[in-house]
Amino acid sequence: MLRSVKALSDYVLKAKDGQVGRCKDFLFDDQFWAIRYMEAETNKWLPGRRVLISPISLGESDWQARLLDVQLTKKQIEDSPGIDQDAPVSRQHEAQWAKHYGWSYYWMGQGIWGATDYIRAPIDPDELEAVSEKELNSSDSHLRSINEVIGYKIQAKDDKIGHVEDFVLDDNLWILRYLVIDTRNWLPGGRKVLVSPGWVDHISWTDRIVGINLSAKAIENGPEYDPSLPVNREYEERLYDFYGRPYYWK
């Protein structure tokens, strides 16, 4: 199902043996636009620790109760390799967490989640030893904070038009399907519209700008997005037909 990422903020995190905090942020990679980690707010329990949990360890969740199910014990999380709250996430950190939890290496293979486009179950420990020294020494794992990117300005092909207000998440594959663009501060009577990450042609992290390969007029007149309504296949078809883009589900 497609869900607002902002709406997941502050969800309670329930481990196998009790609550471990709340959802604070998500880290996605800027190549596949897939959520790689959920960042937990655990200051009352593990002060000074940055706790990141892969979607591999997120189970069935209670969306109405605003609860995310974490298929880990509190001890597993407490004993995980640490990283300071403000430290960047390196490939070495990711490899250490993968070995600790038994997560697959999403960066090894041609698929979104490594060998496949689907989230992989915990794998044979021998596979975790196959990562090369070159990969482990990579300083850039292409991870970006959702909270950081919200607010970035939108640069269309011919003009600036709006800012990133939210993201829409596919909670089966943990892929960001859409950026929510709010044009109200740029256009009289503006509104919210969706664009696919596949239509993004560049991002300036230093200037906080997302470039979209569409005209400002096209974005302005795109099918309006109402956060109170679900993003269903009928809406998606209208969206893709309006922009003349092929459906991602075919």
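Residues that are modelled with pLDDT of 85 or more and among the aliphatic types (A, V, I, L, M) within region 99-118 comprise just one, Ile112. Which condition number does Gly151 fail, the rest of (1) in a strand (DSSP E or B); (2) open to solvent by less than 40 Å² (accessible area, probe 1.4 Å); (3) under 22 Å from Gln31 (Cα atoms); (4) not β-branched (Val, Ile, Thr) being met? That leaves (1) as the condition not met. Among the residues of region 2-32, those identified as closer than 18 Å to Ile77 by Cα and of a type outside the set (A, V, I, L, M) are Tyr11, Lys14, Lys16, Asp17, Gly18, Gln19, Gly21, Arg22, Cys23, Lys24, Asp25, Phe26. Within region 183-194, the set of residues being open to solvent by less than 60 Å² (accessible area, probe 1.4 Å) and more than 12 Å from Glu220 (Cβ to Cβ) comprises Leu194 only.
Look at region 38-54: where a residue is closer than 14 Å to Trp103 by Cβ, no partner that is surrounded by fewer than 16 Cβ atoms within 10 Å (Cβ to Cβ) sits 6+ places away or on another chain with Cβ atoms under 6 Å.
Among the residues that make up region 180-198, is at least one of them part of a loop (DSSP other than H, G, I, E, B), under 21 Å from Gln31 (Cβ atoms), under 19 Å from the mean Cα position of the chain (by Cα) and in contact (Cβ under 8 Å) with a residue 40 or more places away in the chain? Scanning region 180-198 turns up at least one residue that is part of a loop (DSSP other than H, G, I, E, B), under 21 Å from Gln31 (Cβ atoms), under 19 Å from the mean Cα position of the chain (by Cα) and in contact (Cβ under 8 Å) with a residue 40 or more places away in the chain. Counted as qualifying within region 1-83 are the strands (runs of 3 or more DSSP E) with 2 or more residues that are among the hydrophobic types (A, V, I, L, M, F, W, C) and crowded, with 19+ Cβ neighbours inside 10 Å, namely 12-15, 18-29, 35-41, 51-53. Whether any residue in region 84-96 is in contact with a strand residue (DSSP E or B) (Cβ under 7 Å, 6 or more places away or on another chain), more than 25 Å from Ser228 (Cα to Cα) and either open to solvent by less than 40 Å² (accessible area, probe 1.4 Å) or at pLDDT 85 or above (or both) is what I want to check. The answer is yes; a qualifying residue exists. Of the residues making up region 90-113, those that are closer than 17 Å to Leu58 by Cβ and outside any helix (DSSP H, G or I) number 6.
The values are calculated or read from the model by the stated rules, or taken from the named source; none is laboratory data. The structure presented is a predicted model; accordingly, all values stated were derived computationally and were not measured. Cβ: placed from backbone, ideal geometry, glycine included. Neighbour counts: every protein chain shown. Ligands, DNA and RNA are excluded from the accessible area calculation, which covers all protein heavy atoms including side chains. Shrake-Rupley method; radii C 1.70, N 1.55, O 1.52, S 1.80 Å.
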